[in-house]
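These notes are about the structure you will find just below.
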Amino acid sequence: MRGVLFDGKRVEVVDDLVVRDPGPGEVLVAISAAGLCHSDLSVVDGTIPFPVPVVLGHEGAGVVEAVGVGVTHVGPGDHVALSTLANCGVCAECDRGRPTMCRQAIGRPGQPFMRDGRPVFQFASNSAFAERTVVKAVQVVPIPKDIPLPSAALIGCGVLTGVGAVLNRAKVDRGDSVLVIGTGGIGLNVLQGARISGALRIVAVDANPAKEAVARQFGATDFLTSVEGVRELLPTGADHAFECVGRVELIRAAVDLLDRHGQAILLGVPPAGAEASFVVSSMYLDKSILGCRYGSSRPQRDIALYADLYRAGRLLLDELVTQTYPVEEFERAAADAEAGKVARGVLTF
């Protein structure tokens, strides 16, 4: 079968992958569509260290082909969206409703694929850039069949991360002011999360002026090409500032642009080992700096919620899909993503 493989030196689309059958508590999914996220490209450029060879992809949707023993919430033929969160479901963090903090959910890559008789790693417990993948049942969320699968694919990472950061981590409230730095796939979902939450002023910042129209479509009330102009719009600062780029100088700006009791939420991923600074005395005005893993999500609950919001016309998914590419055109899709030409490019099988 086809898949996008990174061997540590180059990425290629191969056609000789083999995936094993699902074991107990697992699901075999035929992938229909998968979003190309910058995290996939970060594996290739080394920003995210990962063992190789590895099948990339972690934002996908498809159709269940088979289930292992003990799986009852989905069956063959069901349409599903996938999460990357292979949490155990029984540890203290899972029991507290914090599956993103499960210590079984990260750092333990599986090898459900084979190529030339050798095992191949699975990226983010998912590997959605393959025609078929095997995942834990907890990662598979049924969705209505009237949701287009290229749109549904984006729920599993970009939407969970961006909207979840607003609703679950920051808990943005009605009337709040929100600053969003960076309007790529994550930033756009932060914008629509802020809109859904009832934020009154939503300021988007992106160096590319061509992104203004889509930023406003997703919820921005104001658009700037530099953080330098934020104080003119929000003289006392923002209640919430989301950094979605991963640059330390923008993390510092997010902190500096907070109002009293404001909070900066860090979503962008800078290089490993990067350090950011802030003025310590400014924090005594009850300001906070919050990390956020995967939108502090509970995928079984949140994916179903976002599917319902989409069907109600309140959450934009189709509009996130700038372009679809057959999986064989991965190279072109990656180039478009790197050039900032797309909100999200989606690979199709």
**Report entry** Ellipticity estimate at 222 nm from DSSP helix runs (n ≥ 4, -39,500 (n - 2.57)) divided over the chain, nearest 500
**Finding:** -6000 deg cm²/dmol
Report task. State in Å² the accessible area per residue of the chain; use a 1.4 Å probe, count heavy atoms of protein chains only, and round to the nearest integer. Result -> 42 Å²
Query raised in the report: With a Cα-only, solvent-free Debye model of segment 61-110, what are the log10 I(q)/I(0) values at q = 0.21, 0.30 Å⁻¹?
Result: -0.88, -1.02
Query - Packing-based order for 179-189, 30-40, 248-258, using average beta carbon neighbours within 10 Å, highest first - result: 179-189, 30-40, 248-258
Query raised in the report: Taking the Cα centre of segment 7-125 as the origin and placing charges on Cβ (Lys, Arg +1; Asp, Glu -1), which of Cys37, Gly117, Cys88 is farthest toward the positive end of the dipole?
Result: Cys88
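With a ≥ b ≥ c the root eigenvalues of the C-alpha gyration tensor of segment 39-138, is it rounded (a/c under 1.5), prolate (a/b larger than b/c) or oblate?
oblate
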Report summary line: Between the modelled labels at Arg10 and Glu249 (7 Å from Cα along Cα→Cβ) the distance in nm is 3.5 nm
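On average over all directions, what projected area in square nanometres does the chain have, based on the convex hull of its Cα atoms?
That works out to 16.7 nm².
Expressed as a whole percentage, what fraction of the accessible surface of segment 144-192 belongs to carbon and sulfur atoms when a 1.4 Å probe is rolled over the protein heavy atoms?
Values: 590 of 1210 Å².
Accessible surface attributable to carbon and sulfur in segment 144-192 totals 48 percent.
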Report summary line: When the charge dipole of the chain is computed with +1 at the Cβ of Lys and Arg and -1 at the Cβ of Asp and Glu, the Cα pointing farthest to the positive end, of Phe129, Phe6, Pro22, is that of Pro22
Report summary line: Excluding ligands, DNA and RNA, the carbon-plus-sulfur percentage of the accessible area of segment 291-349 with a 1.4 Å probe reads 47 percent
Query - Label point distance in nm, Glu331-Arg311, each placed 7 Å from Cα along Cα→Cβ - result: 4.2 nm
Query raised in the report: If you line up the Cα atoms of segment 139-282 on their principal axes, what length do they span on each, largest first, in Å?
Result: 52, 35, 30
Query raised in the report: What is the calculated FRET efficiency for Met283 to Ser226, with r their C-beta to C-beta distance and R₀ = 35 Å, to the nearest 0.05?
Result: 0.90
Query raised in the report: Under the classification rounded if a/c is under 1.5, otherwise prolate if a/b is larger than b/c and oblate if not, where does segment 176-233 fall, given a ≥ b ≥ c as square roots of the Cα gyration tensor eigenvalues?
Result: oblate
Report task. Hey, can you grab everything whose amide H is under 5 Å from the amide H of Asp259? Only 5+ residues off in sequence or another chain; H modelled, so Pro and N-termini drop out. Result -> Ala238, Asp239
**Report entry** Hull shadow area, averaged, segment 1-97 [alpha-carbon convex hull, nm²]
**Finding:** 7.6 nm²
Report task. List the pair-distance distribution P(r) of segment 250-349, using every Cα-Cα distance, as the percent of pairs falling in each 10 Å bin from 0 up to the bin containing the longest distance, rounded to whole percents. Result -> 12, 24, 33, 24, 6, 0
Query raised in the report: ³J(HN,Hα) across segment 12-26 via Karplus (A = 6.51, B = -1.76, C = 1.60, θ = phi - 60°), whole Hz, x for Gly/Pro?
Result: 9, 8, 10, 10, 10, 6, 10, 10, 6, 6, x, x, x, x, 10
Report summary line: Farthest towards the positive end of the dipole of segment 191-349, among Ala333, Gly229, Tyr310 and with Cβ unit charges of +1 on Lys and Arg and -1 on Asp and Glu, lies the Cα of Tyr310
Report summary line: Going residue by residue through segment 267-274, the Karplus relation 6.51 cos²θ - 1.76 cosθ + 1.60 with θ = phi - 60° gives ³J(HN,Hα) values, rounded to whole Hz and with x marking Gly or Pro, of 10, x, 10, x, x, 4, x, 5
Query raised in the report: Using modelled backbone amide H atoms (1.01 Å from N, in-plane), which distant-in-sequence or interchain residues come within less than 5 Å of His73's amide H?
Result: none
**Report entry** Antiparallel content of DSSP bridges confined to the chain, in %, to 5
**Finding:** 55 percent
Report summary line: By the C-alpha gyration tensor axes a ≥ b ≥ c (rounded if a/c is under 1.5, else prolate when a/b exceeds b/c, else oblate), the shape of segment 219-284 is oblate
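What is the count of Lys pairs in the chain whose alpha carbons sit under 27 Å apart, if the two are 8 or more places apart or on different chains?
Step by step, the pairs that qualify in the chain add up to 5.
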Report summary line: Going residue by residue through segment 195-208, the Karplus relation 6.51 cos²θ - 1.76 cosθ + 1.60 with θ = phi - 60° gives ³J(HN,Hα) values, rounded to whole Hz and with x marking Gly or Pro, of 4, 4, 6, x, 4, 8, 10, 10, 9, 9, 10, 8, 5, 9
Query raised in the report: So how many Å³ per residue does the convex hull of the Cα atoms of segment 150-193 work out to?
Result: 67 Å³
Query raised in the report: Highest mean first, what order results for 298-309, 55-66 on Cβ atoms within 10 Å?
Result: 55-66, 298-309
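What is the packing order of peptides 200-207, 219-226, taking the mean over residues of other C-beta atoms within 10 Å and listing the highest first?
Ranked from most to least packed, the peptides come out as 200-207, 219-226.
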Requested in this report: About the Cα centre of the chain, how large is the charge dipole given +1 on each Lys and Arg Cβ and -1 on each Asp and Glu Cβ? Please answer in debye to the nearest 20.
Outcome: 780 debye
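The values are calculated or read from the model by the stated rules, or taken from the named source; none is laboratory data. What you are looking at is a predicted structure, and each value in this text was computed from that prediction instead of being measured. When we count neighbours, we look across all protein chains shown, and the Cβ atoms used for this are built from the backbone with ideal geometry, even at glycine. Areas reflect the complete protein model, heavy atoms only, side chains present, ligands, DNA and RNA absent. Shrake-Rupley method; radii C 1.70, N 1.55, O 1.52, S 1.80 Å.
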